[in-house]
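After the structure tokens below, expect a handful of questions from me.
The values are calculated or read from the model by the stated rules, or taken from the named source; none is laboratory data. Fair warning: this is a prediction, and the values are worked out from it, not measured in the lab. Positions of Cβ are backbone-derived with ideal geometry, glycine not excepted, and every protein chain shown enters the neighbour counts.
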Amino acid sequence: MTDFEPKIITFLCNWCSYGAADLAGVSRFQYPPNMRVVRVPCSGRISPKMILAALRKGADAVWVSGCHPGDCHYIEGNYYARRKFTLLKELLEYQGIEPGRLHFSWISSAEGVKFAQVANDVIAEVKKLGPAKHFIKKTPGEIAA
Amino acid sequence: MINYTENIRKISSDLLKSGKVDVVIGYKSGTLPGVNEPFLAKTPEDADKLVWDSQCRLNLANYLTHRKDKVGIVAKGCDSRNINTHIVERRISREQVTVIGVPCTGMTDKTRLKELAGGDILTLTEAGGKITVKTAKGEKTADKNDLLQDNCIRCLHRNPVINDIPAADPVPEVNTTRNNDAIEKIEAMSADERWAFFDDLLSGCTRCYACKNACPLCYCPTCFVDESRPQWVGKGDDPVDVRTYHTLRAFHCAGRCTDCGACEAACPMNIKVRLLTGKLEKSCYERFGWEAGMTSDVRPALDTFTTHDPEEFIK
């Protein structure tokens, strides 16, 4: 399991966390390349549909990051997102998804260090869990095999 | 119960005669015994077809969406909370609706009725808290309280929360606890057991969508199951697609579900879909202190926020 490299779908809000990822890169903070970044206008844009779609297509984990509460570019988008994530996380864990498959964070565009640190934490946690077992949709070919 | 039916007929016919409403949404006897169907009474004569007994399982708030006329509606406790939800979500205005509130003592579970009968039910009669079913083989009687739907056993609001014209005096609330044993039992399992439990639970699903059609909360012009660009959920009976459908359907009801049980009553495969919506209802109460449909002026849980909502899981 040591050579397992997870694929983590990362949704970053345009105004804060995407900027933080940029800053982390410019500042040359190191973190492993296990993330596939999707830039979204706001963490409030994230629908459970998107998170489930990522898992269904084989992501080992999903990480959503947005602005700190109170700092949302759209004033209150992340407050709504916070409630949505609370319920979604509880619903998915209730159905048997491991807690380490879903990650949420608030990272401002000045927090390049925090970004690299959270990225390292998320990747380490998912590596420990191993490849995703649930919610992956197999293609007809895979089912036949 | 006979008394309830007479009152509902009288109130409805008066409302229709006076022109206060254009239509009364209620129940009439279905083509099969033990199943009442929704009925729109448009004339005072129609009102004589309205009935009330313990087989009015469907949620009539479902028929309020997009109505432009003045509507009278027969509502039990859960239906009345869904009417509130409809008003909050601007599916209908408060002025349009006249609620004929029916204090409810619970609805019978279709599966338990069938088990009691042990065959096709030919006639069903209800008197004094007892239900008698007649089949080709003979007659069987049981206490209505032993035949109730799971959600009715757990019901906390048997009396309508909005009630313009009461059809009867309020009934005492029986249940006082919010504990949901079925859900707590699942929560106590390990993650893998839970996954397997739900795989088994949903394995019978044929994706007929009866649960979403019976649900008063489902009124989007295009449902996510019909979206094709992008397609969020496949249409077949692949277990992952079925799981995705049920997860998203439940999530769409989060903070809005009143646990009326219409989904389970409509399910032809007897899938306990309330185990998913019930979890969200529980989470909403524990996390946000929210109970759906109690007033018509507060936005539902996912359409509002406070600055100090819990966020211990966010890094």
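Rundown of residues vs (1) aromatic (F, W, Y); (2) crowded, with 22+ Cβ neighbours inside 10 Å; (3) part of a helix (DSSP H, G or I); (4) modelled with pLDDT under 95, yes/no style:
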site	(1), (2), (3), (4)
B:T222	no, no, no, yes
B:V225	no, no, yes, yes
B:R229	no, no, no, yes
B:W232	yes, no, no, yes
B:K235	no, no, no, yes
B:V240	no, no, yes, yes
B:H246	no, yes, yes, no
B:G255	no, yes, no, yes
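Still on this model: Across the range A:55-71, which residue is nearest to the chain's Cα centre (by Cα) among those that are within 11 Å of chain B (Cβ to nearest Cβ) and crowded, with 19+ Cβ neighbours inside 10 Å?
Looking at the filtered set, the residue picked out is A:W63.
If I go through the range B:129-179 residue by residue, how many of them are part of a strand (DSSP E or B) and modelled with pLDDT under 90?
Total meeting the criteria: 0.
Condition first: surrounded by 13 or more Cβ atoms within 10 Å (Cβ to Cβ) and among the basic types (K, R). Now tell me which residues in the range B:176-220 satisfy that.
Passing the criteria: B:R194, B:R207, B:K212.
A further question follows. I'm trying to understand the selection: among the residues of the range A:79-113, which are over 15 Å from the mean Cα position of the chain (by Cα), at the interface with chain B (Cβ under 9 Å from one of its Cβ atoms) and at negative phi?
In the first step, residues of the range A:79-113 are kept if they are over 15 Å from the mean Cα position of the chain (by Cα); the result is A:79-80, A:83, A:87, A:90-91, A:93-96, A:108-113.
Pick out the ones that are also at the interface with chain B (Cβ under 9 Å from one of its Cβ atoms) and you get A:79-80, A:83, A:87, A:90-91, A:93-96.
Passing the criteria: A:Y79, A:Y80, A:R83, A:L87, A:E90, A:L91, A:E93, A:Y94, A:Q95.
Follow-up. Of the residues B:T295, B:T277, B:T206, B:T222, only one is more than 15 Å from the chain's Cα centre (by Cα) and either among the aliphatic types (A, V, I, L, M) or within 14 Å of chain A (Cβ to nearest Cβ) (or both); which? Before the answer, list the steps.
Working: B:T295 fails: either among the aliphatic types (A, V, I, L, M) or within 14 Å of chain A (Cβ to nearest Cβ) (or both); B:T277 fails: more than 15 Å from the chain's Cα centre (by Cα); B:T206 fails: either among the aliphatic types (A, V, I, L, M) or within 14 Å of chain A (Cβ to nearest Cβ) (or both).
None of the others qualify; the one that does is B:T222.
Name the one entry in B:D79, B:D22, B:D69 that is in contact with a strand residue (DSSP E or B) (Cβ under 8 Å, 6 or more places away or on another chain), closer than 25 Å to B:P170 by Cβ, in contact (Cβ under 8 Å) with a residue 40 or more places away in the chain and of a type in the set (D, E). Before the answer, list the steps.
Numbers: B:D22 fails: closer than 25 Å to B:P170 by Cβ; B:D69 fails: closer than 25 Å to B:P170 by Cβ.
So the residue among B:D79, B:D22, B:D69 that is in contact with a strand residue (DSSP E or B) (Cβ under 8 Å, 6 or more places away or on another chain), closer than 25 Å to B:P170 by Cβ, in contact (Cβ under 8 Å) with a residue 40 or more places away in the chain and of a type in the set (D, E) is B:D79.
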